[in-house]
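Okay, so here's the structure we're looking at.
Derivation of every value follows stated rules applied to the coordinates shown; laboratory data play no part. Predicted model, so just to flag it, every value in this text is computed and none were measured. Reconstructed Cβ throughout: ideal geometry from the backbone, glycine too, with neighbour counts over all protein chains shown.
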């Protein structure tokens, strides 16, 4: 049996008690699960309020059966109307859709998404897409991948992408980490996050969030669901 596994690791910009990144998970009513990742403009409480509002709206729409592209456009329209085109945010939605047997990747972000296909090939989705909230008419970039065992995908905010020496070192690090098949996806996420954090000498210059989703082999006939959360207080 194949299991959908998700690992999310995040931290705030150094010196900030609150970050502008928000990530949430919602079950899809026709089967499957979606991960929504939004990075509000700037950092601190103001950016967090924006990203939380937008994520909650996306979660509500997807949970009610809206398609990912529709939810992305509605969230954009909400932010554009609420802040009159003066505040931006980046949006990424990763969805395992069991009704269509596909992984859906929806982006309005300046950061790419890395896909590690079941046979080991790496694909970087880096088409330039404007962030939400600024332009009146906006379309998300939507990519579809057939579900297969050992499929893995990594989405992240620009704090990850610009860590240390920048994307020239970050992307190869993430790509090689997704290839590690001998450790759990949770461990893959933690190892990659710590590696990127070290690039900023553990003093991140921006909020950092790294989300890894994968279809991992699991015990036969094991249908119980589990959830693990670690949150510093």
Overall form of region 139-212 per C-alpha gyration tensor (a/c, 1.5; a/b vs b/c): oblate
Sort largest first and round to whole Å: the equivalent ellipsoid semi-axes of region 2-217, each the square root of five times a Cα gyration tensor eigenvalue. 24, 22, 14
Multiply the residue gap between residue 98 and residue 135 by 0.36 nm, knock off their C-alpha separation, and tell me the result in nm, one decimal place. 10.0 nm
Counting each DSSP H run of 4 or more residues in the chain as -39500 (n - 2.57), what helix-only mean residue ellipticity at 222 nm follows after dividing by all residues, to the nearest 500 deg cm²/dmol? -9000 deg cm²/dmol
Shape verdict for region 81-201, please, from the Cα gyration tensor: rounded (a/c under 1.5), prolate (a/b greater than b/c) or oblate. oblate
Name the residues of region 191-219 whose amide N is less than 19 Å from a point 7 angstrom out from the Cα of residue 52 along the C-beta direction? 207-209
By how many nm would the segment from residue 182 to residue 60 grow when fully extended, if each residue of separation counts as 0.36 nm and the alpha-carbon distance is taken off? 40.3 nm
Let me see the pair-distance distribution of region 44-120: every alpha carbon pair, 10 Å bin width, integer percents in order. 16, 46, 28, 9, 1
Any chance you could check the Cα centroid distance between region 108-163 and region 1-44 for me, in angstrom? 14 Å
With a Förster radius of 35 Å, plug the Cβ-Cβ distance of residue 121 and residue 233 into 1/(1 + (r/R0)^6) and report the FRET value to the nearest 0.05. 0.25
Computed FRET efficiency, Cβ-Cβ of residue 14 and residue 83, R0 30 Å: what is it to the nearest 0.05? 0.65
Hey, in the GNM for the chain with a 10 angstrom Cα cutoff, which one of 204, 172, 140 fluctuates hardest? 172
Can you tell me how much longer the chain between residue 146 and residue 226 gets when fully stretched, taken as 0.36 nm per residue apart minus their C-alpha distance, in nm with one decimal? 26.4 nm
